[in-house]
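The values are calculated or read from the model by the stated rules, or taken from the named source; none is laboratory data. Just so you know, these numbers come straight off a predicted model, no measurement behind them. We place every Cβ from the backbone using ideal geometry, glycine too, and count neighbours over all the protein chains shown. When the accessible area is computed, the model is the full protein with side chains, heavy atoms only, and any ligands, DNA or RNA have been set aside. Shrake-Rupley method; radii C 1.70, N 1.55, O 1.52, S 1.80 Å.
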There are 2 protein chains.
Amino acid sequence: MANKHSTQHKILDAAQSLFAETGFNGTSLRQITSLAEVNLASVNYHFGSKKELIQAVLQRYLVVLMPRLDQEFTRLLAMQQQNSLNQVLSVFVSPLLELNKVHQNGTRVFLQLLGRGYTDVQGHLRWFFNHNYGRVLDKLVLLVQQACPQLPASELFWRLHFSLGTVVFTMASNEALVEIAEADFDESIDIEGVILRLLPYLSAAIAAPVSTVTQFSQTMPMLASEGR
Amino acid sequence: MANKHSTQHKILDAAQSLFAETGFNGTSLRQITSLAEVNLASVNYHFGSKKELIQAVLQRYLVVLMPRLDQEFTRLLAMQQQNSLNQVLSVFVSPLLELNKVHQNGTRVFLQLLGRGYTDVQGHLRWFFNHNYGRVLDKLVLLVQQACPQLPASELFWRLHFSLGTVVFTMASNEALVEIAEADFDESIDIEGVILRLLPYLSAAIAAPVSTVTQFSQTMPMLASEGR
DNA sequence: CATCAATTTAAACACCTGTTTGAAATGTAC
DNA sequence: GTACATTTCAAACAGGTGTTTAAATTGATG
C-alpha cells in the first residue's frame, strides 16, 4: 500500500519534480500522470483533488522538518546564556539537509516547493501552513528577538520578512541561478553550498545597524512630494 | 493614438494590475480585456501576442528606469575616490521612486512585475531583459565589486541575487506586510519607508564577512554523505 | 460625399484544464 | 471458485486558454 512503487508514491514523486520546476499552476495533472506512468483519474481517486495533492507533496517533508525545528528551537530557548544570531540561524541547516533522507535532492526540492507556495497564488497553502505550523515559527521570532535585543520590534518584523524573501526567491529561481553560476564561475554548487552562503548573508542583514533616516523626504524633499 | 484613454493604454493599465496581482501565467487575456473594457481580439491586434504584451507592460517602466540608473552608475564610476556600498545602493532610490510619475503606485507595481518575471517561468522575459539592459547591470556589478574588493566574484554574484530576492519578494507582498505592520506597530509605512528600511539591511548583507566554512560536510560529515 | 485604411467586433478555432463516470480489471477473504 | 471491495482504465464532461477570421464600424483624406 505504502511501498515505493505504489501508485500514490509514483504520483507524489512525479508531482514534486514538476511542481518544483514549473510551479503548481504551471503543472497539469496530465503531465504528472504521464511522468508517473499512471492513469489520469488516479490522482483524484487517491488524493481527491489537485489542491490536496499539492498539500500531500509538501506534507511529506513538513512532517519530518517541523518537529525537528521545533525541537531545536525549544532546546535553544531553554539555554541559560544568550544565543547569537548565527547560532539561531544555524539550527536550520541540519534539519534542512536531513530532508535528503526523505527523497533524493529532498532539501532542494522542498525549498523550491516552499518558494512556489509563496510566489504562486495558493491561498489554501498559506492557511494550511499557518494552521499546522504557526506555533513553531513563533519560537523562532522569540529567539531572534533575544539574539538582537537592540532591534525595535517593528524593525525585526520587516527584517525577518526581508529574509524570508531572500530564501524563498532564491529557491524559487534556484535552477536558473545555479546554471548561471556554474557557467560563469566554473564552480559546482549544490543546495548545501547555497544554504551555507545564505547564513552569513542573513546574519549580517538581520543584525544590521538601524538607520537614523526615517524619511527620504528629509534628504531629498523634491521627490517625495511628486507623483503620488 | 497614444493618449491616456486609447485601447493600447487601457490594455496596458489593466494588464499591469492583474499581472502584478496574480502573475503572468495566472492572468488570462479575457480577464485583462474585461477589466480594460475592450474587445478580446484587440490584444493580439495591438501587441501581437500575450508574450509581447508582457514585454510592453514592463518596457513602459524600463525605458524610464534604466537610462536613469545607467546615468547614475556612470557618474559613480567616474568618481576619483572609492564609493561606499551604501552610496552605490542609494542611487537606486531616486530612480525607483520616480516610477511613480509613470503611473500611480508605479514603483510598487514595477517591482512586483519584476518579481513575477523571475518566479513565473518566462524565458522570453529573461532574454528580453538581458539583451536590452544587460550592460547597465554590468556597471552595477563593477561598482559593488569596487566597494567590496574583499568579496570573491562568485560570492558577489550570489549576494546580489539574494538581494534581488529580498527586494522583489518584499514588494510582491508589500500590501499585506504594510497592513500587518501598521496594525501591530501603529506606524504608517509606505513604499518609500520600506525602501529606506531595505538599504541598511542590504548594505550589511552584501558586505558580510565571507564564511570560512565551504562545505557543511567538514563540520558534520555523517549528514553530507547520506541520501544524495 | 466617397474612398481607403485603421480599428473594433462577435464568432469560431484547436487545444488544454481539473474532475467525474461507469465499466473493466485486480486483489482479498471465505 | 464465488463473492466482495479496491483499484485501474478509457471516455466524456463542462469550462478555460491564446489566437485567428471575416465582417462591421470608425476615422481620416481627397
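Laid out as a table, the results:
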{"read-out": "Total residues in region A:24-50, condition within 12 Å of DNA strand D (Cβ to nearest atom) and within 14 Å of chain B (Cβ to nearest Cβ)", "value": "2"}
{"read-out": "Residue in region A:95-105 that is in contact (Cβ under 8 Å) with a residue 60 or more places away in the chain and closer than 19 Å to A:THR166 by Cα present", "value": "yes"}
{"read-out": "Unmet requirement for A:ARG68, which otherwise passes all of (1) within 12 Å of DNA strand C (Cβ to nearest atom); (2) in contact with a Pro (Cβ under 7 Å, 6 or more places away or on another chain)", "value": "(1)"}
{"read-out": "Out of A:LEU77, A:LEU96, A:LEU114, sole residue that is within 16 Å of A:GLU192 (Cα to Cα), open to solvent by less than 60 Å² (accessible area, probe 1.4 Å) and part of a helix (DSSP H, G or I)", "value": "A:LEU96"}
{"read-out": "Which listed residue is more than 8 Å from every other protein chain (Cβ to nearest Cβ) and within 27 Å of B:ALA172 (Cβ to Cβ), from A:MET66, A:MET79", "value": "A:MET66"}
{"read-out": "Residue in region B:46-69 that is open to solvent by less than 50 Å² (accessible area, probe 1.4 Å), without any contact (Cβ under 8 Å) to a residue 60 or more places away in the chain and over 20 Å from B:PHE129 (Cβ atoms) present", "value": "no"}
{"read-out": "Index of the failed condition, B:GLY123 passing every other in (1) in contact (Cβ under 8 Å) with a residue 40 or more places away in the chain; (2) of a type in the set (Gly, Ala, Ser); (3) open to solvent by 40 Å² or more (accessible area, probe 1.4 Å)", "value": "(1)"}
{"read-out": "Residue, least open to solvent (accessible area, probe 1.4 Å), within region B:153-203, restricted to residues that are more than 8 Å from every other protein chain (Cβ to nearest Cβ) and at pLDDT 85 or above", "value": "B:LEU156"}
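Every residue, every condition in (1) within 14 Å of another protein chain (Cβ to nearest Cβ); (2) within 16 Å of DNA strand C (Cβ to nearest atom), yes or no:
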position: A:GLU52; (1), (2): no, yes
position: A:VAL88; (1), (2): no, no
position: A:PHE92; (1), (2): yes, no
position: A:GLN104; (1), (2): yes, no
position: A:PHE129; (1), (2): no, no
